[in-house]
Amino acid sequence: MNNKTNWRKIFYLFLLFGLSVFGAVCAEAVEKQFPLDAKPGPVLSTANQMCVDCHKTTTAALVMEWERSRHAQKGVGCIDCHKANEGEIDAWQHMGALISILVTPKDCSNCHAIEAQEFSRSHHAKAGEILYSLDNLLAERVIGLPDNNADAVNGCLQCHGSIIKFKRNDAGEILRDNGKPVLDPNTWPNSGIGRLNPDGSKGSCHACHSRHSFEAKLSRAPENCGKCHMGPDHPQMEIYRESKHGIAYTANIDRMALDKEGRWVLGKDYSAAPTCTTCHISNYMTSEGEHNASNHDVGERLSWTLRPVVSTKINTVIYEDGFKEDYPDTRKLPEIGEEVQVIEKIVQDETLVDKIVSKRVNKIVSWQERREKMKGVCRNCHNHTHVDNFYQQFDSLVALYNKKFAEPAQAMMNALTEDKILNPNSPFEHEVQWIFWELWHHEGRRARHGASMMGPDYTHWHGLYEVAKHYYMKFLPAVIKVAARKSEEMKSKYEQKIEELLNQEEHIWIKGLSEEEINVLKSAYKNRYDE
């Protein structure tokens, strides 16, 4: 090879190297000028410009979050969401504008009317009604002090929501700071999903659509739901993580299209895994084509209620004004067109009260129809046999829990109350009441939710194993213990009741396994562990 050829090769190599460097530099310059993930800048009205200019100094990160939102790109700014009307309890003059710090579903409905309407009749919107339930009694009375309900404020109400209240003087007038109404720190800040707002609306949209970016990917991600749906009594987040669905999501999060603008349809925009939103809210594809089933009524596709002591299937009664009510399948359904007395919970003088109103039944949705909607989501990835057999397994677990543990335990507690051994007005007076509470509220729920979301460990070890252990080893002995406090006669009565219970076929194991069963166990251990 001659020198001329060598120099030519060297020249071409240098030329290619130079072009590649030049191209990289140009690409970097272009990307800096026009980033690949760049979004249109915010569209600002004159009124919103004033807000942004000031808050860039006082709350800079908040403005940055808003600037990257779709709201900003569409020209929806501070005044559009925070504006208030004259006479509203939470309104005050601020820099020439009448505004409120509270943004409620009623405000959001100005643009998102359908979503707000769907949400308003959901279980989420009613979550604040826990204020007078047994759950909140634990935080306020059993744990709290007469002048300190901090556990409820920092715990229960941050998920369920609170009645938004204001500080008042002795005359009952709202205290103001430079015209701004002073919010009660026991009720604000609060983004609970069932917050009870001064304008009469229920809920908080930013419980799921975190302000001020309101990114879709936050509400689509399971971690968003996990803020509230976790823990000893409803560990949906933990169950999801151990399920095949959760494993697939974690492994394939980059394929989930969580950031996609507009509709997010299973089977069209993504297929890697379902999230909470997929099953309970979002659109999905069917064999007939795209099925627009997105709905902010998150419980619409549920056919069981897994919350109470004993689970039941749930039908839905819908009234002419759109109000919805769940009817357990053990409760007689009204007729279409029938007038029904309904209890609505409303806020009156900053207190939650029951209002009895008459409503006409417009429609009834059976638990079978509710289930079919959920099956529609499942069938996007699974065939009919898979889906139907899953529901058979799930139903069997709930039936097992109901029949063997929940119904007998509830009957025992009812009998203790009828015999005046337990005081219905003092639900945590005796050990047996605490044990019973955890039996259904913690362990029983874990088992049921575990089966519903395919979490085997939560179904068994965290669920029915704990139910069985505490039913036999704690609950039944505690029944005799509390009966003995009443009298020897009552002690004997409940010893007899429990003896009769344990003689039933489903409990007979406690008196000893058969010789054949013992031999099988011994043989298996010897073969496996040489013991």
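Overview of results
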item: Estimated distance in nm for a label pair at L98 and K469, the labels positioned 7 Å out from Cα along Cα-to-Cβ; result: 6.2
item: Length added when fully stretched, E500-W434, from 0.36 nm per residue minus Cα-Cα; result: 21.4 nm
item: Largest to smallest accessible area among R370, R485, R307, R121 [probe 1.4 Å]; result: R485, R307, R121, R370
item: Contour minus Cα-Cα distance for C54 and W188 (0.36 nm per residue); result: 45.9 nm
item: Burial ranking of peptide ranges 440-449, 228-237 (average Cβ count within 10 Å, highest at the top); result: 440-449, 228-237
item: Heavy atoms of M454 accessible to a 1.4 Å probe, total area in Å² rounded to 10; result: 80
item: Within segment 402-434, GluC sites (Glu not before Pro) in DSSP loop having at most 15 other beta-carbon neighbours inside 10 Å; result: E429
item: Accessible area in the full protein assembly, largest first, 1.4 Å probe, for E118, E506, E500; result: E500, E506, E118
item: Net charge, G77 excluded, C-beta distance under 15 Å - Lys, Arg +1, Asp, Glu -1; result: +1
item: Volume per residue that the Cα convex hull of segment 362-500 spans, once the total is divided by residue count, Å³; result: 139
item: Separation of alpha-carbon centers, segment 444-506 and segment 232-272, rounded to whole Å; result: 36
item: Residue-count net charge about E429 - beta-carbon cut-off 14 Å; Lys, Arg +1, Asp, Glu -1; result: +4
item: Low-density loop positions, GluC sites (Glu not before Pro), segment 236-271 - DSSP coil, at most 15 other Cβ in 10 Å; result: E261
item: Proximal charge balance of D321 [Cβ under 14 Å; K/R count +1, D/E count -1]; result: +2
item: Under 5 Å, built H, 5+ apart or other chain: amide partners of H209; result: none
item: Gained length - E261 relative to R528, 0.36 nm times residue gap less alpha-carbon distance; result: 90.5 nm
item: C108 - accessible surface, heavy atoms, 1.4 Å probe, Å² rounded to 10; result: 40
item: Ranked by how many other beta carbons lie within 10 Å on average, peptides 177-183, 137-143, 507-513 from highest; result: 137-143, 177-183, 507-513
item: J(HN,Hα) series, segment 256-264, from Karplus relation 6.51 cos²θ - 1.76 cosθ + 1.60, nearest Hz, glycine and proline x; result: 8, 6, 4, 8, 5, 7, x, 5, 10
item: Calculated FRET value between E350 and K227, using beta carbons and R₀ = 35 Å, to 0.05; result: 0.85
item: Approximate spin-label separation I508-Q341, in nm, with each point projected 7 Å along Cα-to-Cβ; result: 4.8
item: Label-point gap, in nm, between T385 and E489 - each point 7 angstrom along Cα→Cβ; result: 6.3
item: Y284 long-range amide H proximity, modeled H, under 5 Å; result: L266, H291, A293
item: Percent RCO, i.e. relative contact order, over the chain, from Cα pairs under 8 Å lying at least 6 residues apart; result: 10
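The values are calculated or read from the model by the stated rules, or taken from the named source; none is laboratory data. These figures come from a predicted structure and were not determined experimentally. Heads up, the Cβs are rebuilt from the backbone with ideal geometry, glycines too, and the neighbour counts pull from every protein chain shown. Just so you know, the surface numbers come from the protein's heavy atoms only, side chains and all, with ligands and any DNA or RNA stripped out. Shrake-Rupley method; radii C 1.70, N 1.55, O 1.52, S 1.80 Å.
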